Amino acid sequence: MNDLELYNITLQNNIFSGLFVGQNLLTIKQVDSTNNFLKNTLSNSKPLPEGTVIMAESQYAGRGQQQNRWHAEPGKNLTFSVLLKPSFLPLAQQFDLTKAISLGIYNAFEPLLGTQLKIKWPNDIYYADLKLGGILIENMVQGSLIKNSVIGIGLNINQGSFPLNVPNAVSLKQILHRDYDLKFLLSEICKNIEAEYLNLKAGRFEPVRKAYIERLYWLNEDKMFKANGIEFSGIIKDVRDNGMLIVNNGSEDSAYNLKEIEFLNK
């Protein structure tokens, strides 16, 4: 049995308007994780063009940052992975890819959701104080370069409710009270991700960095955080090029990595 038979994969004809992201679209009925599937395919030396998108109708072991599980009802949401090959991006600048992907998704949803849409550092998509989606980027490094980036994206679209153990989730349907065409939204997201990725490829880092900062959740707002076991009031001031979050506690700026600070927004 080959991979196509095993996973019940459908190869899609081109429905996207971009140059390469989404031009090779594979839809899987059910898979543990689209990121795992894409990584396994690459590790088996299967050639895949840059911009390949793997979309799952049902993903039963999706992951977010710090191994958080991602809950999604089959057929109701967007759970997919994108393959990019950012060998032009120095390893020290890998967070620029996070910024570009986050910004691409933001730009796809902003016409629908307006100013309450935000990017929560490092790469969650928020509407008001609720999580609309998340991103997990896994880079495969060769020497000092990024050979492949497998970008997993989960977005709540047509799901009507969420389990109690997912306390701050929201879907597009819950916000706007209608269902949306998943393939159309996927096309818009891919088009916008491609545009921001091409900015990076052309060396236009500053516009991407600036736009990411301007759309940050809690930027320049006095909010509660927790770091080193201590709760404190702070103001997000910036994100460094290496991805460190800069928070001012009233007396000084401090820089935090992903696992070093918690947003107390529940």
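The values are calculated or read from the model by the stated rules, or taken from the named source; none is laboratory data. Note that the structure is a prediction, hence the values are computed from the model and not measured. Here Cβ is always computed from backbone atoms with ideal geometry, including for glycine, and neighbour counts include all displayed protein chains. With ligands, DNA and RNA removed, areas are computed over all heavy atoms of the protein, side chains included. Shrake-Rupley method; radii C 1.70, N 1.55, O 1.52, S 1.80 Å.
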3J(HN,Hα) from dihedral phi, the range 44-51, Karplus parametrisation 6.51/-1.76/1.60, rounded to Hz, x for glycine, proline: 8, 6, 7, x, 10, x, 4, x
In nm, spacing of pseudo-spin labels at Glu262 and Phe184 (7 Å Cα→C-beta vector): 4.1
From the helices alone, meaning DSSP H stretches of at least four residues, give me the mean residue ellipticity at 222 nm for the chain, per-run term -39500 (n - 2.57), in deg cm²/dmol to the nearest 500. -8000 deg cm²/dmol
So for the pair Asn44, Asp32, with labels modelled 7 Å out along Cα→Cβ, what separation do we get in nm? 1.4
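Quick check on the chain: what are the equivalent-ellipsoid semi-axes from the Cα gyration tensor, as sqrt(5λ), descending, whole Å? Show your work: numbers first, answer last.
On the way: eigenvalues 175, 98, 60 Å².
In descending order the semi-axes read 30, 22, 17 Å.
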With everything on Cα atoms, drop me the angle between helix 205-214 and the longest principal axis of the chain, reported from 0 to 90° to the nearest 10. 60
Per residue, how large is the accessible surface of the chain? Use a 1.4 angstrom probe and give square angstrom. 47
Once Rh for the range 117-190 is found with the Kirkwood sum over Cα pairs, what is the Stokes-Einstein diffusion coefficient at 20 °C and 1.002 mPa s, in µm²/s? 153
A 29 angstrom limit on the alpha carbon distance is what I want to check against. Which of Lys46/Lys191; Lys85/Lys237; Lys237/Lys259; Lys131/Lys223; Lys39/Lys120; Lys29/Lys118 exceed it? Lys85/Lys237; Lys29/Lys118
List, largest first, the extents of the alpha carbons of the range 150-258 along their principal axes, each in whole Å. 48, 44, 24
Nearest 10 degrees, 0 to 90: what angle lies between the long axis of helix 182-201 and the longest principal axis of the chain (Cα atoms)? 70
Expected output is a single nm value to one decimal: the length gained when fully extending between Leu164 and Leu91, i.e. 0.36 nm times separation in residues minus the C-alpha distance. What is it? 22.4 nm
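Hey, any idea what Rg/Rh is for the range 194-251, computing Rh the Kirkwood way over Cα pairs?
On the way: Rg = 14.3 Å, Rh = 13.0 Å.
Ratio of gyration radius to Kirkwood radius for the range 194-251: 1.10.
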